[in-house]
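The block underneath contains the structure these notes are about, expressed in structure tokens.
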Amino acid sequence: MSDSTQSQTQRFSVSAEADSETKTTVSTRGFEFVVDEPPALGGTDDGPNPVEYLLGAWAGCLTVVAHTVADERGIDLGDVSIDLEGDLDPARFLGQSDDVRAGYQSIDVTISADTDADEETLEAWLTEVERRCPVGDNILHETPATVSLEH
């Protein structure tokens with residue numbers, strides 16, 4: 001394998017501090033953002049909730065990859081908009097049932113792109129965007145993770 005094709009892992013990290021039972025301030029690379037719940041779930045609605053951030057992270061990642069792949073393939077890509085919707089049953093989160101998963105039951109992603117590219121070109125572009133999106137990869141495939149407690 002040549003040096004130009006060798007993979008190099010990059011580590012990304014965030015730190016989070018609980019501001020209340022529902023509100024968290026997250027820090028990364030000098031940025032901060034707030035994660036909160038809507039009032040119906042006991043929060044103060046000071047920011048999106050965790051599952052909304054998940055959808056937003058996927059949308060942001062798809063945007064970057066969509067433009068990267070379009071540039072590589074010479075596709076003139078104008079405005080891009082991405083809509084994501086997911087169905088989530090909170091029963092497990094609320095401790096009411098173990099019969100449903102805690103996460104989304106399904107997520108629908110719709111990408112709209114302003115381009116003159118033909119259908120065949122766009123289908124190949126979309127396949128490559130989906131294949132190369134890191135956040136989508138984490139959502140669509142199991143990712144090894146560990147959760148540990150320090151006290």
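The values are calculated or read from the model by the stated rules, or taken from the named source; none is laboratory data. The structure presented is a predicted model; accordingly, all values stated were derived computationally and were not measured. Because the Cβ atoms are built from the backbone with ideal geometry, glycine has one as well, and the counts that use them run over all protein chains shown. Each accessible area value is taken on the protein alone, full model and side chains, heavy atoms only, with ligands, DNA and RNA left out. Shrake-Rupley method; radii C 1.70, N 1.55, O 1.52, S 1.80 Å.
On the given criteria, is Q96 assigned to a strand (DSSP E or B) and either polar (S, T, N, Q) or in contact with a Cys (Cβ under 6 Å, 6 or more places away or on another chain) (or both)? So Q96 does not fit the description; no. Of all the residues in the stretch 111-151, those that are open to solvent by 100 Å² or more (accessible area, probe 1.4 Å) and in contact with a Gly (Cβ under 8 Å, 6 or more places away or on another chain) number 1. In the stretch 6-33, of all residues being within 17 Å of the chain's Cα centre (by Cα) and of a type in the set (V, I, T), the one that is most open to solvent (accessible area, probe 1.4 Å) corresponds to V14. I'd like to know if the stretch 99-110 contains one or more residues that are open to solvent by 60 Å² or more (accessible area, probe 1.4 Å) and of a type in the set (A, V, I, L, M, F, W, C). Among the residues of the stretch 99-110, not one is open to solvent by 60 Å² or more (accessible area, probe 1.4 Å) and of a type in the set (A, V, I, L, M, F, W, C), which makes the answer no. Selection over the stretch 81-130 of residues that are in contact with a Ser or Thr (Cβ under 6 Å, 6 or more places away or on another chain) and in contact (Cβ under 8 Å) with a residue 12 or more places away in the chain gives a count of 4.
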